[in-house]
Amino acid sequence: MAQKVQGVVAGGRGAPVRLETLLVPDPGPGEAVVRVQACGVCHTDLHYREGGIADEFPFLLGHEAAGVVEAVGEGVTDVTPGDFVILNWRAVCGQCRACTRGRPWYCFNTHNAGQKMTLLDGTVLSPALGIGAFAEKTLVAAGQCTKVDPKAAPAIAGLLGCGVMAGLGAAINTGDVGRGDTVAVIGCGGVGAAAVMGAHLAGAARIIAVDIDDRKLATARRLGATHAVNSRDTEPVAAVRELTGGFGADVVIDAVGRPETYEQAFYARDLAGTVVLVGVPGPDTRLELPLLDVFGRGGSLKSSWYGDCLPSRDFPMLIDLYLQGRLDLDAFVTETIPLDGVEAAFERMRQGDVLRSVVTF
């Protein structure tokens, strides 16, 4: 029997979100119902509200979440009721051409729950990134549940469900940052700050944080940045070059996703260096670069999907590092808020006042 729960719904482009009563069906084959314990307020949720990702309103927002499995459907064996899990939005299929080539982090056929959650009047909801976790309970594909050590607080564990994993993975997985590398991170919000932390964890010798907000630069320094550049006052490409002996950084991570920041990343890298785009561009964004420069500078230009993570591999490892005191995930939680506080949290996000607001239940 479907359960009635409260959830945060975006009803139309740019309209304030509202708290609604939802119907969550019992899990079918390959599905799970999760009692959500915490869910971070991510920029992607705001993009959904603004219609910047899709136009399939109404959306059930929220995706950066952790909770406890309440029930599973037929054929589910990887998780059982009572398991503490982080929700992920790339449940790998195991059968596509990426998976069969041993690259499941690129899975081209990730899946979501087959059934739909609805409003009381039967209106079908589109769950953000196939999760919809600004709700007391949510229905997901069982593969979207990754079991981790329950000693981690839900507000901390849920961060790995999106932004923190995207940033960490951009440095460690996509950028392949290694010991002694020089790294620059452009944009030090939640994702960029996590990229700084990932570069530090990987052993980078010099980590240059670039942003226009001194508060974010201070946080980046606490998370491992060795240098900070306020690009409102200082030309960032020249600054990165000056701090790297005139050469540029081995890896430059664009955590903003705008043409001007990508161009900065492109020219701030060393010859044969790597650019990693992890900031999400708008749907109409265009980039223009001299093709001769692309050819002549060598190296690689990469985009990072979800930090190129494999949740079953990366989430438990990162939670273990956190529990050992080697990964400061606590630094990302600026505040915890109730379910009806999401709209106000969006405004604080816009103002740059928070790394993460986290809804707790």
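The values are calculated or read from the model by the stated rules, or taken from the named source; none is laboratory data. In this text the structure is predicted, and so the values were computed from the model without any measurement. So basically every Cβ, Gly included, is an ideal-geometry build from the backbone, and we count neighbours across all protein chains shown. Heavy atoms of the whole protein, side chains included, go into the accessibility calculation; ligands, DNA and RNA do not. Shrake-Rupley method; radii C 1.70, N 1.55, O 1.52, S 1.80 Å.
Between Gly40, Ala91, Val124, the Cα set farthest toward the positive side of the dipole of the chain (charges on each charged residue's Cβ, about the Cα centre) is that of Ala91.
The tail of the calculated P(r) for the stretch 32-143 beyond 23 Å holds 31 percent of all Cα-Cα pairs.
For Phe108, the solvent-accessible surface computed with a 1.4 Å probe is close to 100 Å², ligands and nucleic acids excluded.
Only protein heavy atoms count here; on that basis, with a 1.4 Å probe, Asp353 has an accessible area of about 80 Å². In the stretch 253-335, the portion of solvent-accessible area held by carbon and sulfur atoms comes to 55 percent [1.4 Å probe, whole percent, DNA, RNA and ligands not counted]. Excluding ligands, DNA and RNA, the accessible surface per residue across the chain is 42 Å² with a 1.4 Å probe. Given +1 at the Cβ of Lys and Arg, -1 at the Cβ of Asp and Glu and no other charges, the dipole of the stretch 63-206 around its Cα centre is 480 debye to the nearest 20.
Projecting the Cα positions of Pro58, Ile337, Met197 onto the charge dipole of the chain (unit charges on Cβ atoms of Lys, Arg, Asp and Glu, taken about the Cα centre) puts Met197 furthest along the positive direction. Which label marks the calculated value of Rg and Dmax of the Cα atoms in Å, given the options (i) 22.2, 67; (ii) 19.2, 55; (iii) 20.1, 65? Only one listed value fits the structure, namely (iii). Across the accessible surface of the stretch 73-129, with the other protein chains kept in place and a 1.4 Å probe, carbon and sulfur atoms take up 46 percent. Can you tell which of Ile212, Ile86, Ile156 shows the greatest fluctuation in a Gaussian network model of the chain with Cα springs below 10 Å? Looking only at Ile212, Ile86, Ile156, the biggest GNM fluctuation is shown by Ile212. Normalising the average separation of contacting C-alpha pairs (under 8 angstrom, six or more residues apart) by the number of residues puts the relative contact order of the stretch 194-282 at 22 percent. If only the Cβ of Lys and Arg carry +1 and only the Cβ of Asp and Glu carry -1, the dipole of the chain around its Cα centre is close to 520 debye. When the residues Asp293, Asp254 are ordered by accessible surface, computed with a 1.4 Å probe over the protein chains alone, the sequence from largest down reads Asp293, Asp254. Restricting the calculation to alpha carbons of the stretch 240-295 gives Rg and Dmax of 11.6, 37 angstrom.
Which GluC sites (Glu not before Pro) in the stretch 250-337 pass both tests, a DSSP loop state and at most 11 other beta-carbon atoms within 10 Å? Provide the component values of the computation, followed by the final result.
Numbers: sites: Glu260, Glu263, Glu288, Glu335; in loops: Glu288.
Here the sparse-neighbourhood loop sites are Glu288.
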